[in-house]
Each structure stands twice: as structure tokens, then as C-alpha cells.
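Written below as C-alpha cells is the structure these notes are about.
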Amino acid sequence: MSAFGFCNLSIVPCRKDTSDKSEMVTQLLFGEYFEVLEEYKNWILIRSGIDSYKGWIDRKQQLPISKDTYQSLKKSQAAVAADIVGVLTDVSSDISFPITMGCLLPFVKGKELVIEKKKYQYQGNTVTPSGKIKRDELVQDAFAFLNAPYLWGGRTPLGIDCSGLTQMVYRLNGMSIPRDASQQVELGEALSFPEEAEPGDLAFFDNAEGRITHVGIVLKNSQIIHASGRVHVDKFDHLGIYNEEKQGYTHNLRVLKKMF
């Protein structure tokens, strides 16, 4: 019988294998939910109900939920935490803890949400995306992540990778996209020239083998914001990303995509 869970902590690492030493492939954020595929000792293999990404998590770092709750979560339009850091309180235990921008607040009414029998109160700003994306607002949300350190598998302003940045910025604006750059590139309409791209479009970059390994968000004035070392802005043209500090190109442009 299938089992289901809910991320009831700020951030939960999802690992490649069943070890705390294993590579972190992504993170679960508060409010995300998943299906349990396998169990091994203290570990469970989960598949995210948000983007179908798989990874192993410590079974103690989740709240088991019913299939009905899982289905309700999938159908609901969750509010999204809009502050870089907000405070959530577990009402029953009176324990408060931080959650970051991009965390989900499903079933929220006012500042309160209930998952199964657990009640939480949120102190902070939220957005409930309307489904109409405005390019200037998307770019503004991207700039909220400026200087966040690069973290492989990261999805928060405290540490994020390139595709985590694009996924979270698009989430804040009501659009769900896959986790990895190699998956995100399958979406949208290909553009022929950088001059055709508008702020908010995505640019994808490949390695020497032709594999998509990097993604960034196009800005005005031939610039791009992306996570490489940290989230920052670089120059950008038909060849790729030009870093002034290094006086050279750091990423080779493969394709530009109009995503909305």
C-alpha cells in the first residue's frame, strides 16, 4: 500500500543514497508533499508531488499523511512564503522555526494552516499567484536571491543551485517547472537570437559534451542573473555568459526559451 508524507520542517535534504554522507540531489521545503516509494532502515525513497523528483530522506524528517490529504494537497493552490525568512509556529508544541522564501503554505486561512491534526501559524508575507505572470515582478523576485551562495541541490536563499533558482522564482510567480535544467529546457518556445529574449525568459547552457548543465534568467540590457558561486548578474550574448572578473566566457549558450 502506498504511503504519503508532508515536509513539516524548514528544509529537508534529499540524498542520492541511504546515507547522511551521500550527495544531496535536492531539498524538500516546508509545505511540499510526496509519495513514499521504498523504505530502507531509517530511510525512505520519496517522489515529490510537486515536480516528481526522487531522493532518499530520513524518515524522521517528515509528517506521514493519508492518501486523501495527499490528493487534496495536489489539487490545492497553496500560498507561497514571500519573505526571505519568515517564522512558523507549531501551535500544539508552541515551537517556532524559520521557513524561507518559496516554502508552501497549503490550506492557509489568514495566518493559520492545518495539516491532518497539526496546526501552524505563519508570521510573514505570502503570495497566492494569480496565474498571470508579470515580467517585472518575476525579475524582482529573482533579485531577492542575489548573493545567495551556490549549493548543489539547494532551493533556498540560504543556498541554491542554478535550476533551483529558476524553479523557485517561477514558483513565486505561479508557474511550476521541473527541478533540473536538463528538464526545464524541454519546456517553452525556442528563440533564435538573444535580442528576441525578454526579461524572465530562460537561457540554457551546455558543456563540452553538449549536455545542458546550467540555466539563468534573462534580464534587460544584455544581462543575466544566475547561480554560479553565488547568485549574481553577468553580461550575456549569443556566445554565452561573460564574467568581467574573469575577463572571459564561463558558460556556452545552447538555447533560449520563452517560457510564458
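Between LEU37 and LEU63, the simple label model (points 7 Å from Cα in the Cβ direction) yields a spacing of 2.5 nm.
Charging the Cβ of each Asp and Glu at -1 and of each Lys and Arg at +1, and nothing else, the dipole of the chain about its Cα centre rounds to 680 debye. Only Lys, Arg, Asp and Glu carry charge here, each on its Cβ (+1 for the first two, -1 for the last two); on that basis region 75-130 has a dipole of about 220 debye about its Cα centre.
Near the amide H of TRP43, within less than 5 Å, lie the amide hydrogens of ARG59, all on another chain or at least 5 residues away, with H placed in the peptide plane.
Once divided by 2.2 N^0.38 Å, the Cα radius of gyration of region 1-143 becomes 1.06.
With the charge dipole of the chain set up from +1 on Lys and Arg Cβ and -1 on Asp and Glu Cβ about the Cα centre, the Cα lying farthest toward the positive end among the listed residues PRO199, PRO13, GLN223 is that of PRO13. Surface composition of the chain: carbon plus sulfur atoms hold 48% of the accessible area, using a 1.4 angstrom probe and ignoring ligands, DNA and RNA.
Each Lys or Arg adds one and each Asp or Glu takes one away; over the other residues whose Cβ falls under 10 Å from the Cβ of LEU29, this sums to +1. Projecting the Cα atoms of PHE236, THR100, VAL169 onto the dipole axis of the chain, where Lys and Arg carry +1 and Asp and Glu carry -1 at the beta carbon, places THR100 farthest toward the positive end.
The simple spin-label model puts a point 7 Å past each Cα toward its Cβ; for PHE97 and GLU195 those points are separated by 5.3 nm.
Computed on the Cα trace of region 171-249, the radius of gyration divided by the Kirkwood hydrodynamic radius gives Rg/Rh = 0.94.
Considering only DSSP beta bridges where both residues belong to region 140-260, give the percentage that are antiparallel (nearest 5). Here the antiparallel bridges make up roughly 95 percent for region 140-260. Could you sort out which of LYS41/LYS67; LYS75/LYS118; LYS21/LYS67; LYS60/LYS132; LYS16/LYS118; LYS60/LYS117 sit more than 28 Å apart by Cα distance in this structure? Long pairs (Cα-Cα over 28 Å): LYS21/LYS67; LYS60/LYS132; LYS16/LYS118.
A Cα-only calculation for region 96-217 places Rg and Dmax at 16.3, 53 Å.
The values are calculated or read from the model by the stated rules, or taken from the named source; none is laboratory data. As the structure is a prediction and not an experimental result, all values here were calculated from the model. Virtual Cβ from ideal backbone geometry, glycine too; neighbours counted across all protein chains shown. Side chains are part of the model used for accessible areas, which takes the heavy atoms of the whole protein and leaves out ligands, DNA and RNA. Shrake-Rupley method; radii C 1.70, N 1.55, O 1.52, S 1.80 Å.
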